[in-house]
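The values are calculated or read from the model by the stated rules, or taken from the named source; none is laboratory data. Please read these numbers as outputs of a predicted model, since none were measured by experiment. All Cβ positions, even for glycine, are placed from backbone atoms using ideal geometry, and neighbour counts span all protein chains on display. Each accessible area value is taken on the protein alone, full model and side chains, heavy atoms only, with ligands, DNA and RNA left out. Shrake-Rupley method; radii C 1.70, N 1.55, O 1.52, S 1.80 Å.
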Amino acid sequence: MNTYAYLIKAKAKAANAKSFFCWFSAKSDSRADRQILDILEDAEIETGRGADHQLPIRTNWFVVDDLPEEGVLDDTWCDRYTLADDGASWQKIVAEPAPTPAPEQEQEQEQEQEQEQEQEQEQPIPSTPLSTSDENLTYNLALLPFRAQLLAQFLTEEKHASHISWPTKCQIADLEMDTDNNYIQNLLLAAENNPKLKDYDLHGLWKVTTAVKKVFPVDKRHELGTLITFIKLWLEHDHIDRGILVREWANGNRISAVQRTNSGANAGGGNQTDRNPDLVHTFDVLDKEIALATLPMDFNIYDLPGSIYRRAKEIVQKKESPFKEWSVALRATPGILDYSRAAIFALIRSAEEHLTPFPDRLRGYICANLTETDHANPTPETLAAARHVPELDAAEEVNRLQPDEPAKNNQPKLANAGGGIFTIEGLTAPAPAPAPAPAEVNTETEDAGNVSMEEAVSDEKQTGAIAAPGETGAIASESSAENGDEADPINNDARIQNSDILYTHLMVDLETMASGPDAPIVSIGAVFFDPASGQLGPDFYKVVDLESAMAWGGVPEASTINWWLKQSAEARSAIAMDDAIPLDDALLQLNDFISENAANGPASIQVWGNGATFDNVILRSSYDRTGIDCPWRFVNDRDVRTIVELGKSVGCEPRYKIQFVGDQHSALAEARHQAKYVSVIWQRLTATSN
């Protein structure tokens, strides 16, 4: 057992909050990180964004007579002890009251200090020492140029320097002029390429140069671009994450961000695992792996059949159980992104049934069974528990689930046509018949049937696409729309979704707690579509935390709240989910979604909203309040109600003739439905104009 000590520091804005100190014993670092979070949760102390306390900081163990009891949060410790300059070691606060000087003495001291400062500023800096005694001169670094300050801290080891001697000043000048010293020249160029560094004080410059020396040894050659990238990342990270960033880079793991769990613990992601080295392991990747592990069939977990991968994406999108419960539990597990894919599969596939409805039992199962020593090389036992079948491809898997028995009923065998599509010749024949000869399959198409996990997860590329469940049917002809034939409702869901196509039209729908421009958003639904063909593309759905929306300036209305209270339990629960995210995160993710699927860039996207004063206006207002750039131009706002009125003028009113798919008051279902009837009207209007 190891002993761990933590500081839970109160934020400066929390006037009534006090800092806490806590120590206890644990088996490992990851268990200690989980235990301190459990202690804070039991004490109902919130940390992180919006809370009164910062995330826990692990410090060095400090043995003194007045230690608090193990596992107890002590709010008096920081009155007696403080952290040293290294941010980890504790030292006792020594109170040394200074004698109060007489008024005459105090005035004389102030005059002497002013004279000393004037003399120090007027002191000339000779280029060479005039005598032996000049070598004892010291120079105030605050008065020297930035490059001299940076190199002075680089030469300092134990703590930052505020003054330097004449020999050190000469050494700094020589280093600055030594163009053959690639390390120093790269350091200076990297510092110049990160302007934020010039705003740092001497202590901050010492910290960054110390970090550089740990990651980039002085006796080795390093690329300038890599050094620039590291310093930029170091400046962007919070103080609590910089130690992790330095450690991972020093170990060769060039991570771009320190990922954290929902509770604020380090999520890992820097270790080499059994995944492709070029794959950036994120929580989104983890979600897809969890969804794949919940599927009942066996397959190659590193070379996925296309149809299986698409099913996993659908599970993630719809937040189906038991994926939803596994995702919440694993996302809260410290260091989860460091575990291999095989370990994740083995953990989920070895669990007992009906475990997920009990969060405490599920968390205990994860802590007891998620163990792995070599993340890059899973053991044969782990691969067996993961049900990894490297020799099984997609067609073999489907045939295994539906075995061929020609002796009994001459059932045809499934053939892989590529892209996750399988052909069944003669399946609908009225009478049993001999199986036809296998159709010739193009080799290139056959090879595209399986999807590499790394390619599928990182690039989201698919070789084929299938319609989502419940999205079959035929779009009604114009004549049926004109005649109001409701016996055969319009349903253009038959258009196949294809995530490889880029789009220029985006339909959005919001659920809000008011109707004005500053209404707080509680969910965002969006779907790309092509009105000329009726094809629906990738979609987006996020539930927004109401408290976050109001914290960013959203103003609710009592009438809207009363309206929501009168809706069904399903409708209310859809906007009060446990995994709701902050408003700014939702807007940033929407921007990423638009950038990934926009045909000619986000600025050219035509964004449709239901009403010229609602969806688009509320979204743009939310962007303004959060300080996030709205990705599309205001001239590209499009109004659904306007085109509906135009459709009425030519006798085309498909809104209530198209079957509504999904839950009522779901922003995504509404957006998809609007995209369908806007496409029908668009096609009618363009046909009329032609």
Checklist outcome for this item: Too long for a 31 Å Cα-Cα cut-off, among 13/213; 11/198; 318/676; 9/318; 313/676, are 13/213; 9/318
Checklist entry - Label residue 170 and residue 49 with points 7 Å out from Cα along Cα→Cβ: what is the distance between them in nm? => result 5.4 nm
Checklist outcome for this item: Given backbone amide H placed at 1.01 Å from N, residues whose amide H is under 5 Å from that of residue 81, ignoring those fewer than 5 places away on the same chain, are 93
Item to check | Three-way shape label, the stretch 179-255, alpha-carbon gyration tensor, a/c 1.5 | outcome: oblate
Checklist entry - Rounded to the nearest 0.05, what FRET efficiency do residue 360 and residue 633 have when you use their Cβ-Cβ distance and R0 = 41 Å? => result 0.25
Item to check | residue 606/residue 92 FRET efficiency (R0 51 Å; Cβ-Cβ; nearest 0.05) | outcome: 0.20
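Rounded, prolate or oblate: pick one for the stretch 1-87, where a ≥ b ≥ c are the square roots of the eigenvalues of its C-alpha gyration tensor, a/c under 1.5 means rounded, and failing that, prolate if a/b is larger than b/c, else oblate. All intermediate terms of the calculation are to be shown ahead of the outcome.
Working: a/c = 1.64, a/b = 1.20, b/c = 1.37.
Oblate, because a/c is 1.5 or more while a/b does not exceed b/c.
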Checklist entry - Hey, what do the phi angles of the stretch 291-304 turn into as Karplus ³J(HN,Hα) couplings, whole Hz, using 6.51/-1.76/1.60 and θ = phi - 60°, x for Gly and Pro? => result 4, 4, 5, 7, 6, x, 7, 8, 6, 6, 6, 9, 9, 7
Next on the checklist: So for each of 598-606, 333-341 I average, over its residues, the number of other beta carbons within 10 Å; can you give me the resulting order with the highest mean first?
Outcome noted: 333-341, 598-606
Checklist entry - Can you list the GluC sites (Glu not before Pro) in the stretch 2-61 that are in a DSSP coil and have 10 or fewer other beta carbons within 10 angstrom? => result 44
Checklist outcome for this item: Note on the stretch 631-687: C-alpha Rg/Rh, Kirkwood Rh, two decimals, gives 1.01
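What's the extension gain from residue 661 to residue 589 if we count 0.36 nm per residue and subtract their Cα-Cα distance? Before the final figure, lay out each step's value.
Details: separation 72, 0.36 × 72 = 25.92 nm, distance 2.48 nm.
Taking residue 661 through residue 589 to full extension adds about 23.4 nm, to one decimal.
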Item to check | Karplus 3J(HN,Hα) series, Hz, for the stretch 544-552 with 6.51 cos²θ - 1.76 cosθ + 1.60 (x for Gly, Pro) | outcome: 9, 5, 4, 4, 5, 4, 6, 5, 8
Checklist entry - Mind listing the phi-derived Karplus ³J(HN,Hα) values for the stretch 525-530, rounded to whole Hz, using 6.51, -1.76 and 1.60 with θ = phi - 60°, and x for any glycine or proline? => result x, 8, 8, 6, 7, 10
Checklist outcome for this item: Taking protein heavy atoms only, a 1.4 Å probe, and rounding to whole percent, the accessible area of the stretch 154-195 owed to carbon and sulfur comes out at 48 percent
Next on the checklist: Between the stretch 528-550 and the stretch 602-651, how far is it from one alpha carbon centroid to the other, in angstrom?
Outcome noted: 13 Å
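Roughly speaking, what is the stretch gain from residue 238 to residue 350, that is 0.36 nm per residue apart minus the C-alpha to C-alpha distance, in nm to one decimal? Don't jump to the answer; show the numbers that get you there.
Working: separation 112, 0.36 × 112 = 40.32 nm, distance 3.82 nm.
Stretched out fully, the residue 238 to residue 350 stretch lengthens by 36.5 nm.
Test of understanding: what is the full-extension gain from residue 256 to residue 317, defined as 0.36 nm times their sequence separation minus their Cα-Cα distance? Write out the running numbers ahead of the final one.
Details: separation 61, 0.36 × 61 = 21.96 nm, distance 2.62 nm.
Gain on stretching residue 256 to residue 317: 19.3 nm.
Taking the Cβ-Cβ separation of residue 196 and residue 218 as r and a Förster radius of 25 Å, what is the calculated FRET efficiency to the nearest 0.05?
Working: r = 24 Å, r/R0 = 0.96.
FRET efficiency, residue 196 to residue 218: 0.55.
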